[in-house]
Protein chains: 6
Amino acid sequence: MRIDGRKNDQVRAAKITRNYTKYAEGSVLIEVGDTKVICTASIEDKVPSFLKGKGEGWITAEYNMLPRATATRKIRDIAKLKVDGRTMEIQRLIGRALRSVMDLKALGEKTIWIDCDVIQADGGTRTASITGAFVALVDAINKLHKEKAFDIYPIRNFVTAISVGIVNEEKILDLCYEEDSNAKVDMNIVSTDEGEFIEIQGTGEEAPFNRNDLNELLDLAQKGIKQMVQIQKDALKMDSLWIGTGGRD
Amino acid sequence: MRIDGRKNDQVRAAKITRNYTKYAEGSVLIEVGDTKVICTASIEDKVPSFLKGKGEGWITAEYNMLPRATATRKIRDIAKLKVDGRTMEIQRLIGRALRSVMDLKALGEKTIWIDCDVIQADGGTRTASITGAFVALVDAINKLHKEKAFDIYPIRNFVTAISVGIVNEEKILDLCYEEDSNAKVDMNIVSTDEGEFIEIQGTGEEAPFNRNDLNELLDLAQKGIKQMVQIQKDALKMDSLWIGTGGRD
Amino acid sequence: MRIDGRKNDQVRAAKITRNYTKYAEGSVLIEVGDTKVICTASIEDKVPSFLKGKGEGWITAEYNMLPRATATRKIRDIAKLKVDGRTMEIQRLIGRALRSVMDLKALGEKTIWIDCDVIQADGGTRTASITGAFVALVDAINKLHKEKAFDIYPIRNFVTAISVGIVNEEKILDLCYEEDSNAKVDMNIVSTDEGEFIEIQGTGEEAPFNRNDLNELLDLAQKGIKQMVQIQKDALKMDSLWIGTGGRD
Amino acid sequence: MRIDGRKNDQVRAAKITRNYTKYAEGSVLIEVGDTKVICTASIEDKVPSFLKGKGEGWITAEYNMLPRATATRKIRDIAKLKVDGRTMEIQRLIGRALRSVMDLKALGEKTIWIDCDVIQADGGTRTASITGAFVALVDAINKLHKEKAFDIYPIRNFVTAISVGIVNEEKILDLCYEEDSNAKVDMNIVSTDEGEFIEIQGTGEEAPFNRNDLNELLDLAQKGIKQMVQIQKDALKMDSLWIGTGGRD
Amino acid sequence: MRIDGRKNDQVRAAKITRNYTKYAEGSVLIEVGDTKVICTASIEDKVPSFLKGKGEGWITAEYNMLPRATATRKIRDIAKLKVDGRTMEIQRLIGRALRSVMDLKALGEKTIWIDCDVIQADGGTRTASITGAFVALVDAINKLHKEKAFDIYPIRNFVTAISVGIVNEEKILDLCYEEDSNAKVDMNIVSTDEGEFIEIQGTGEEAPFNRNDLNELLDLAQKGIKQMVQIQKDALKMDSLWIGTGGRD
Amino acid sequence: MRIDGRKNDQVRAAKITRNYTKYAEGSVLIEVGDTKVICTASIEDKVPSFLKGKGEGWITAEYNMLPRATATRKIRDIAKLKVDGRTMEIQRLIGRALRSVMDLKALGEKTIWIDCDVIQADGGTRTASITGAFVALVDAINKLHKEKAFDIYPIRNFVTAISVGIVNEEKILDLCYEEDSNAKVDMNIVSTDEGEFIEIQGTGEEAPFNRNDLNELLDLAQKGIKQMVQIQKDALKMDSLWIGTGGRD
């Protein structure tokens, strides 16, 4: 039995609220258990300098935690004039994850800025950020799509993420903060809705793990991914993306 | 008639949700019209170095807007390695406002960190921050009070803030963003619940103003303060600070 | 009786020396009691990016204190990699004050950089900076005016500033540092030569103040403004600006 | 056939030169193909503040590339006042990898600083850094061990790293830069000498990958790990660590 | 004939005003031609961490130019978050020069902060800074001396500086800005009052120079040093350090 | 007898390895005794903004020490967000030295970036950097020269540097770190191969020095320069630039 009564292969209650704030082209509040993240997608009509004139777009992500998203207050990055290493790692992960399902040529010379601001952190903020940010991205892209901004619909797949780990010799799905603190192995899986991997990051922080461990953890993760994709589809009220098509209805 | 149908002396619909996040000692979501700010109060058991050993406490405030709290995405301070001048000005104002009603000796060697993070900005974010932060402060102080941390209850007065201004020759209360953008005179008033001033900041951005203008604006502001104080009292379920603190005599 | 023997409604001896340094288009040393500030106005033939192509000019101000302008040495901003919050607040105030009397369209696509460097600080550095910077600004604008750079003379009014406050229950004008340190209420007034307000910033640092207090303080301030405007006019050897005119002689 | 003539499961020629510089307690030049990294281990007799008084040690790593380690000159971090996100990610990985095989209690209140400075980069700099840094760490620890600094020898396992990836539909081991640039899937594996995983980081940058792909890549990686561990053992002239023992010979 | 009518071996009119500002322990305005620098010496009762507990003092210098000390406005360091390389070089030179004549053991555990702020720059700001800062240092040390802070008077020698250079094939003394801009060889000499060298920095910016050139330049410099030392002695009203310090035997 | 057995006028064993790394247009490892510096020259086809459109090129240098190039680990600049003052001084010196022998007009609108990264420091790192960087510069320029990039060969002279100093009353050439730490006078000389001076920087850190001392030190330095120039010529396999260049085909 887990500390919050869940079974080992059970994800926490999750909820995605769309149009959470009024200005962003896509804006989502994702809640996974007590983890709450505001994810917005903002469209900008230019690209970073390394892409200028190449006819391609870009997606970049920033991640941040409000100072009191955690049990003890965290000093803001600007007070130290340094981005936290963990923050940098996470925002790079979010950016890669979302770019991996995008046809950046089809997007054209636009940048989508993804902002994931954690207002309450209880484990799994990076995976919740990816899962929520994808929904905000779809909303922003669909806004452009309605304006007939694309020839080809630029999102190829759903992308979702979930964590797994080994705690007290048990392999468990979707770790809350307390479980995460005690995990010997901690793994974050980013996946398409078809169950293929986009990113696997597993760390044997306290003890190394073997191929068997890995396989059992991946089985668990793939169960979780299915559930999280369904939550995304329900929120978006769509069963599939209009992949590659021009007409959206 | 104002753009959102209000009368000149009418504040926007305002709502204060306490215990908005679970970790902070005080945590409030304040909504004033479409302006939404998360205000938390965090207790730290030490004081800044300039106060060490003096037996006094401190209150310090930080203010920030999420990048997409506004119509166009704002670059994060950390990306420029500089705190925005406006941000600096506002967080200093919030800190002064809250300290002005505190008995810092009674607080003892503690620091209260106030964090005001704007998730949606439609004008009046600094006054909403003060109004909301005060409620978060009361909740944090009352938590200490229950633990019998003080001999004397350290909050002396309610503190509330509201904006007034001159737009199209009309003097109006509680400006939304569009009104603020067109204001010739813009004024922020911080006040106690007894109607005394803690801070007056008035700027004739587009045109100077005279004593008459000032007096009419202050009349309006004092009306608004009364309404905002009531909203604080309703949220806190207390009519005065002494009643709300569990019988302090 | 005040600590330096002045009456409550008396400003300190003030002196403005024009052409204080040789390179700047406008360069002034202003002395108000023991407060001494070098104010320069520098003309640049371009505007910040947010104004490019709009046919308008800009005025921006920077304020700084030499490390030993004060009783104890102050660390330079660059040593901390951070602009002091107080500095930021003051330089934004100076910029707003000067812009408020300028016709930025008439100025055309130019930036005027105002630099206020305090070499000795004995209270009232921000108000002295505004008062001195205005004279430097006039000198710089008149240099352009002689070169027939404008169709319309771009300065609409004199702008001057003075402080007032409540110290030991007395309302006093033009506080020196020691008075300022003991003030319960501290107010800075920026005004035109016609007595209209450009900015009012009043803080009840130690105790709130009421409408009566405010009115008495504003009466005092308006007396002080008159005296300071006269000092500006004497320094500039002009009784009025050539408002809106093309010919300056 | 690969661009440098290697078979798919073949690592590049690798060489570890110990005592490469004279001051560091451990100092190694590791060359893997054309990738060259100087790895040093420096002992400091104190710990970061979060560990003070806990009787435990710490290992921290910094990674950097000389500006011209790459085909085009890379601006130094200090010129931008920002650590590169990729650098941050890599140095955190190196630190975690080395800490995972250390008994930090046995180390006692000491910090080992690992510095990995890439002088030439041809792919696999992060895995070469881990492999080389481990040898430098052993040399530094053995220096302490000779001075009888420990009751228990604090290194539990060898740690080694290698990359694998999918390029042109082929699964290959130890990617050089050109292969890495064309990889659809890119994976870095950190492992003990017993073949257990410490860290798996796999990214489907251009296309997602499935369980089969993953299994084949891990098989390849484990082959590579064996070869790299042997190179470490040869360089150190030791077949195994004196795990957990007090006497080293 | 030089552009300002001077002979090749003639220094510009120079003037040192003591007690220029009221707070610093030593405070000097030095004017050398149109170059004007405020030099202050501030006493702090502690030493940098690398000297703690060693019973020795320290002298450190900071140099800065007001933005409009020069013909075109110079951006403040804080706006770029970087100290200018030239600034860094100069302030290190000033610090070394002053330390070289100090008995830091005799000073005891105190730091003297030297601040040289250039208000107008017409060549030779670094040599004027050293010459002026020395006088401020003497005033600060004498203040301590009167309080009987030392067993041994801690200043061993006067220190003075002057520039020489080759312009249009002429060797000249004390270059103004225009001469400096056209110099093929530029040299700054820091010397004791006894004519011994503390620092020689000569640069053949446009053309190398030989031993003969060097010797002629040094002859010129030594003439200039004598004149500048006399100006220091006149300002301090002392012929030698021992007389001026109130009978030190 | 010196600590390493050298005579007073003897330089340390020195060796220059060209083509040390494979990407840079010029890449050299210079070893002078135990001091080891990697010097690279990188060509960029643009110039800094202050030179745009002037048809001239630029040479800029950056200097850095690996953290463990010294006996105790030095914190990286980026960890402090500040370039070390000593580093700044040295890299400016290297840049000036190399520019002084260049015909920047002949170079055309190109920037040569010189990077000097010290991997082991045992005194004389700045002079070794100049001596090594010159060889890297020649290699980079010759690469351009082979591509017929110039009408006039842009290097006018060899440039070499060496240190001299007074230690224990002895005048010595090419100080190692321990000698440098005990030097009363410390001097760095940058010279052409014809024995003319490009830069002289002499500091009487512990005691001033006179004309005689200076002359003896310069005699020593000129001996050292001759030897170091020969090492450059041997490495480059050219007796003079004109032979190496004018018969370049």
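The values are calculated or read from the model by the stated rules, or taken from the named source; none is laboratory data. As the structure is a prediction and not an experimental result, all values here were calculated from the model. Cβ coordinates were reconstructed from backbone atoms using ideal geometry, including for glycine residues, and neighbour counts include every protein chain displayed. Ligands, DNA and RNA are stripped out before the accessible areas are found, and what is left, the full protein with its side chains, is counted by its heavy atoms. Shrake-Rupley method; radii C 1.70, N 1.55, O 1.52, S 1.80 Å.
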Filter pass, F:Asp122 being in contact with a strand residue (DSSP E or B) (Cβ under 9 Å, 6 or more places away or on another chain), more than 11 Å from every other protein chain (Cβ to nearest Cβ) and open to solvent by 10 Å² or more (accessible area, probe 1.4 Å): no
B:Thr87 among the polar types (S, T, N, Q), within 11 Å of another protein chain (Cβ to nearest Cβ), farther than 20 Å from B:Thr131 by Cα and without any contact (Cβ under 8 Å) to a residue 60 or more places away in the chain: no
Matching residues, region F:6-49, being in contact (Cβ under 8 Å) with a residue 24 or more places away in the chain, of a type outside the set (Gly, Ala, Ser), within 11 Å of chain D (Cβ to nearest Cβ) and within 20 Å of D:Ala69 (Cβ to Cβ): F:Glu25, F:Leu29, F:Lys36, F:Ile38, F:Cys39, F:Thr40, F:Ile43, F:Glu44
Yes/no for E:Asn182 being of a type in the set (S, T, N, Q) and within 14 Å of chain C (Cβ to nearest Cβ): no
Condition met for D:Glu56 (open to solvent by less than 40 Å² (accessible area, probe 1.4 Å) and either at the interface with chain F (Cβ under 9 Å from one of its Cβ atoms) or more than 30 Å from E:Val83 (Cβ to Cβ) (or both)): no
Only one of E:Glu194, E:Glu205 that is part of a loop (DSSP other than H, G, I, E, B), facing chain F (nearest Cβ under 7 Å), open to solvent by 30 Å² or more (accessible area, probe 1.4 Å) and at pLDDT below 95: E:Glu205
Conditions (1) in contact (Cβ under 8 Å) with a residue 40 or more places away in the chain; (2) touching a helix residue (DSSP H, G or I) at 6+ places or on another chain (Cβ under 6 Å); number of the one not met by A:Phe134: (2)
Residues being more than 10 Å from chain D (Cβ to nearest Cβ), farther than 22 Å from A:Lys36 by Cβ and within 19 Å of the chain's Cα centre (by Cα) - total across region A:154-179: 2
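Does B:Leu144 satisfy being of a type outside the set (Val, Ile, Thr) and farther than 30 Å from B:Phe209 by Cα?
Numbers: of a type outside the set (Val, Ile, Thr): yes; farther than 30 Å from B:Phe209 by Cα: yes.
Considered against the rule, which asks whether it is of a type outside the set (Val, Ile, Thr) and farther than 30 Å from B:Phe209 by Cα, B:Leu144 comes out as yes.
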Positions within region B:1-19 being under 15 Å from B:Thr35 (Cβ atoms), open to solvent by 70 Å² or more (accessible area, probe 1.4 Å) and in contact with a strand residue (DSSP E or B) (Cβ under 6 Å, 6 or more places away or on another chain), in sequence order: B:Lys15
Check on C:Ala79, within 12 Å of chain E (Cβ to nearest Cβ), surrounded by fewer than 19 Cβ atoms within 10 Å (Cβ to Cβ) and of a type in the set (Gly, Ala, Ser): yes
Qualifying position, being surrounded by fewer than 17 Cβ atoms within 10 Å (Cβ to Cβ) and not in a loop (DSSP other than H, G, I, E, B), among C:Glu178, C:Glu199: C:Glu178
Pick from region C:176-233, criterion of a type in the set (Lys, Arg) and without any contact (Cβ under 8 Å) to a residue 60 or more places away in the chain, ranking: farthest from C:Ala136 (Cα to Cα): C:Arg211
Region C:133-175 - residue that is of a type in the set (Lys, Arg) and not in a helix (DSSP H, G or I) and, of those, most open to solvent (accessible area, probe 1.4 Å): C:Lys148
Matching residues in region C:90-99 - criterion: being open to solvent by 10 Å² or more (accessible area, probe 1.4 Å) and either more than 12 Å from chain B (Cβ to nearest Cβ) or under 23 Å from E:Ile119 (Cβ atoms) (or both): C:Gln91
Odd one out for B:Met238 among (1) at pLDDT 95 or above; (2) more than 10 Å from every other protein chain (Cβ to nearest Cβ): (1)
Residue in region C:40-50 that is buried (at least 20 other Cβ atoms within 10 Å of the Cβ), farther than 21 Å from E:Lys80 by Cα and at pLDDT 95 or above present: no
Qualifying residue in region B:142-153 (condition: polar (S, T, N, Q), in contact (Cβ under 8 Å) with a residue 24 or more places away in the chain and within 13 Å of another protein chain (Cβ to nearest Cβ)): no
Check on A:Arg68, among the basic types (Lys, Arg), touching a strand residue (DSSP E or B) at 6+ places or on another chain (Cβ under 6 Å), within 12 Å of chain B (Cβ to nearest Cβ) and farther than 23 Å from D:Lys184 by Cβ: yes
Every residue from region D:208-239 that is within 17 Å of D:Ala133 (Cα to Cα) and not in a helix (DSSP H, G or I): D:Lys237, D:Met238
Pairs with Cβ under 7 Å, 6+ apart, first in region C:100-114 and farther than 18 Å from C:Ser191 by Cα and open to solvent by 20 Å² or more (accessible area, probe 1.4 Å), second among the basic types (Lys, Arg) and assigned to a loop (DSSP other than H, G, I, E, B): C:Glu109/C:Lys46; C:Trp113/E:Arg73
